[in-house]
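*Asks:* Would you mind keeping the following structure in view while I ask a few things?
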Amino acid sequence: MGVKDASTTATNFFGTLCFFSFLGAFVSDSYIKCFYTILIFAPIEIMATFQAHFPSLHPPPCDTVNNPNECTPVSGRNLSLLTLGLYLVPIGESSIRACAAALGGDQFDGDDPAEIPGKISFFNWYEICISLGGFLGLVVLVWVQDNKGWGLGFALAALMVLVGTAVVAVGLPFYRHREPTGSPVTRILQVFVAAFRKRKLPLPENLVEVSDGTGTSAAVDDGDRRRWSLCTVTQVEEAKIILRMLPVLMSSILAYVPFSLLLSFTVQQGGAMDTHLGAMSIPPGSLFVVPILFQMLILTAYDRAVVPWLRRATGLAGGVTHLQRVGVGFACSAMALAIAAVVEGRRRRRGASSAAMSAFWLTPQYLVISVMDVTSFVGLLEFFSSEASAGMKSIGSSIVFCVLGAGSWLGSLLIQVVNRATAHAGGGHGWLDGASLNASRLDLFYWLLAVLGLVAFFLYLFCAWNYTYRHDPRMQKDDDDDKVVSPASTKQAAPVV
């Protein structure tokens, strides 16, 4: 595929991978426990192994680096099977992304002050383990794929999935399990439907009391006692939580648009540069080892040294608030894009000799990308997981991946829009046209993304500044997780519609 099509395919796949996490979250919160959701869905993602095994399903081999114009793009039945194989992965991966974080968080009692620091530390180590898995994949699997074939590489990946699932199963006797509470999506929809139905009713002097076992509140009684007309206090509070988080959610999506594109195009940058380290040639795909190593080092130092110091200095359980941590990451995103634009401009100015420019010039942008991932991803994971009500913990975790997925899809749209607009202004040749980066203007596209990242950062700051946490970050949680929603909610009961 050319630069535009390959990047669009990669970002679309990543977006779908993230969005399908909502499926696993919905199933685990509504019907079965997180543990069983992982066991059921995880093996599905190994199906892509079969597509990679049969040579008849591959396009003809060619030299994509030296003679890219002679390559035949994948099309027809092979493209359909490739797409099918790719999109089986998100169905299985969704359970791991949504439920692993939720299952791990459930092992800590949020009402026990002694366990709260462990819960905060868990999410840091959860990200370290994700990075370690990525490191092994990039070092071991990429080498196998490049030297022994994609079929064997996918087979090893499938084996890792099965072994990992078995390891999760071994822990069954030791887990704390959170019981499903029914569909949280349905409960929230009932609130909006009931509110819409009663939008024209006057507020009477005598309100009816409604109880759901966790709390009682007043409601407008029009004689219809069905669930889609009369909702409990817990349902209303869940709806209020989602509405209050919505501005942070939307601004985070915009801030993640440049991130997914930067990851995709950086691999293509590496493929157009010299990837030798001494006498050893490193595959472009393995260049992601650099930011993953940075991530593991930064996260370890942050969890073991920075957080304890910040905790003593600020009095906050996590050293900083969740949204402050996310904000640092979004600021780093704009910085990484500016660095990437400078490096790509230098590479492009060297023209045909750009292969002599070392791919390790990408290290600065990799470092800043790592800081962004360490701060924004983990911060959002902590934020949505802690702010969600007890019956929406898995969905709270999945929202983070939905943010990444929506950012990827918008990134794909942005590629198409920018390329079409620049092709119209440039006499038919867009910034991202051509089979190689030397025929494109990726440097200008990076500068555009840097501006977009800066705008997204200030928009996020505005939304985060006006957000009210459910619990004071300096205080411990109350006994009833669903009754404490905000400082204002402790003064008067929330109405039920």
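*Asks:* Of everything in the stretch 372-430, what is more than 25 Å from SER7 (Cβ to Cβ), in contact with a helix residue (DSSP H, G or I) (Cβ under 6 Å, 6 or more places away or on another chain), small (Gly, Ala, Ser) and part of a helix (DSSP H, G or I)? Give them in sequence order.
*Replies:* GLY379, SER385, GLY391, SER394, GLY396, SER397, SER398
*Asks:* Quickly run through the stretch 161-174 and pick out the residues that are among the hydrophobic types (A, V, I, L, M, F, W, C) and free of Cβ contacts under 8 Å to residues at least 24 places away in the same chain.
*Replies:* VAL163, ALA166, VAL167, VAL170, PHE174
*Asks:* Next question. Out of (1) of a type in the set (S, T, N, Q); (2) surrounded by 23 or more Cβ atoms within 10 Å (Cβ to Cβ); (3) within 21 Å of VAL267 (Cβ to Cβ), the odd one out for THR375 is which?
*Replies:* Unmet condition: (3).
*Asks:* In the stretch 348-362, is there at least one residue being over 28 Å from ASP29 (Cα atoms), part of a helix (DSSP H, G or I) and of a type in the set (D, E, K, R)?
*Replies:* Within the stretch 348-362 (the criterion being over 28 Å from ASP29 (Cα atoms), part of a helix (DSSP H, G or I) and of a type in the set (D, E, K, R)), the answer is yes, since at least one residue qualifies.
*Asks:* For the stretch 269-288, name all the residues that are within 23 Å of ASP443 (Cα to Cα) and not in a strand (DSSP E or B).
*Replies:* GLN269, GLY270, GLY271, ALA272, MET273, THR275, PRO283, PRO284, GLY285, SER286, LEU287, PHE288
*Asks:* Could you please find all residues in the stretch 303-326 being part of a helix (DSSP H, G or I) and either touching a Phe, Trp or Tyr at 6+ places or on another chain (Cβ under 8 Å) or closer than 30 Å to TRP143 by Cβ (or both)? Spell out the reasoning first.
*Replies:* If we filter the stretch 303-326 for residues that are part of a helix (DSSP H, G or I), which is where we start, we get 303-314, 322-326.
Within the stretch 303-326, ASP303, HIS322, LEU323, VAL326 qualify.
*Asks:* Every residue in the stretch 308-327 that is in contact with a helix residue (DSSP H, G or I) (Cβ under 6 Å, 6 or more places away or on another chain), touching a residue at least 40 places away in the same chain (Cβ under 8 Å) and farther than 15 Å from LEU381 by Cα, please.
*Replies:* ALA317
*Asks:* How many residues does the stretch 149-194 contain that are more than 30 Å from ILE241 (Cα to Cα) and either touching a strand residue (DSSP E or B) at 6+ places or on another chain (Cβ under 8 Å) or in a helix (DSSP H, G or I) (or both)?
*Replies:* Matching residues across the stretch 149-194 total 24.
*Asks:* Please pick out the residue among VAL233, VAL191, VAL185 that is modelled with pLDDT of 75 or more, of a type outside the set (D, E, K, R) and closer than 24 Å to CYS99 by Cβ.
*Replies:* VAL185
*Asks:* Can you pull out every residue in the stretch 156-171 that is of a type in the set (Val, Ile, Thr) and more than 16 Å from LEU136 (Cα to Cα)?
*Replies:* THR165, VAL167, VAL168, VAL170
*Asks:* Of all helices (runs of 4 or more DSSP H) completely enclosed by the stretch 57-148, which ones contain at least 3 residues that are within 30 Å of ILE32 (Cα to Cα)? It would help to see each step written out before you state the result.
*Replies:* Working: elements: 76-106, 116-136, 142-148.
The helices (runs of 4 or more DSSP H) meeting that bar are 76-106, 116-136.
*Asks:* From THR363, THR314, which residue is closer than 23 Å to ARG470 by Cα and surrounded by fewer than 18 Cβ atoms within 10 Å (Cβ to Cβ)?
*Replies:* Of THR363, THR314, the one residue that is closer than 23 Å to ARG470 by Cα and surrounded by fewer than 18 Cβ atoms within 10 Å (Cβ to Cβ) is THR314.
*Asks:* Now for a different question. Somewhere in the stretch 249-260, is a residue hydrophobic (A, V, I, L, M, F, W, C), surrounded by fewer than 17 Cβ atoms within 10 Å (Cβ to Cβ) and at pLDDT 85 or above?
*Replies:* yes
*Asks:* Wholly within the stretch 1-44, which helices (runs of 4 or more DSSP H) include no fewer than the required count, namely at least 3 residues that are in contact (Cβ under 8 Å) with a residue 40 or more places away in the chain and more than 27 Å from LEU263 (Cβ to Cβ)?
*Replies:* Counting at least 3 such residues, we get 21-30, 34-41.
*Asks:* Step by step: first the residues of the stretch 404-422, then only those that are of a type in the set (Val, Ile, Thr) and free of Cβ contacts under 8 Å to residues at least 40 places away in the same chain, then the one that is nearest to SER94 (Cα to Cα). Which residue is that?
*Replies:* Step by step, filter the stretch 404-422, then rank; the result is VAL417.
*Asks:* Scan the stretch 431-449 for residues that are assigned to a helix (DSSP H, G or I), surrounded by fewer than 23 Cβ atoms within 10 Å (Cβ to Cβ) and touching a Pro at 6+ places or on another chain (Cβ under 8 Å) and jot them down.
*Replies:* Result: no residue meets the conditions.
*Asks:* Scan the stretch 102-127 for residues that are among the β-branched types (Val, Ile, Thr) and surrounded by fewer than 19 Cβ atoms within 10 Å (Cβ to Cβ) and jot them down.
*Replies:* ILE116
*Asks:* Follow-up. I'd like to check something: does the stretch 129-144 contain any residue that is over 25 Å from the mean Cα position of the chain (by Cα), surrounded by fewer than 16 Cβ atoms within 10 Å (Cβ to Cβ) and at positive phi?
*Replies:* no
For every residue, the table says whether it meets (1) surrounded by fewer than 18 Cβ atoms within 10 Å (Cβ to Cβ); (2) over 21 Å from MET245 (Cα atoms); (3) at pLDDT 85 or above.
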site	(1), (2), (3)
VAL417	yes, yes, yes
ALA423	yes, yes, no
HIS429	yes, yes, no
VAL451	yes, yes, yes
ASP472	yes, no, no
MET475	yes, no, no
VAL485	no, no, no
PRO495	yes, no, no
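*Asks:* Filter the stretch 174-197 down to the residues that are of a type in the set (Lys, Arg) and surrounded by 18 or more Cβ atoms within 10 Å (Cβ to Cβ), then identify the one that is farthest from GLN107 (Cα to Cα).
*Replies:* Once the filter is applied, the top-ranked residue is ARG187.
*Asks:* Starting from the stretch 378-399, keep only residues that are crowded, with 24+ Cβ neighbours inside 10 Å and of a type outside the set (Lys, Arg), then list their pairs with residues that are at pLDDT 85 or above and outside any helix (DSSP H, G or I) whose Cβ atoms are within a distance under 9 Å, requiring at least 6 positions of separation or different chains.
*Replies:* Taking only residues 6 or more apart or on different chains, the pairs are GLY379/VAL320; GLY379/THR321; PHE383/THR321.
*Asks:* Give me the pairs, please: first residue somewhere in the stretch 121-139 and within 18 Å of ARG304 (Cα to Cα), second residue anywhere and of a type in the set (Ser, Thr, Tyr), beta-carbon distance under 8 Å, and either six or more positions apart or on two chains.
*Replies:* PHE123/SER385; ASN124/TYR302; ILE128/THR300
The values are calculated or read from the model by the stated rules, or taken from the named source; none is laboratory data. All values reported here derive from a predicted model rather than from experimental measurement. Every residue, glycine as well, gets a Cβ built from its backbone with ideal geometry; the counts of neighbours run over all protein chains shown.
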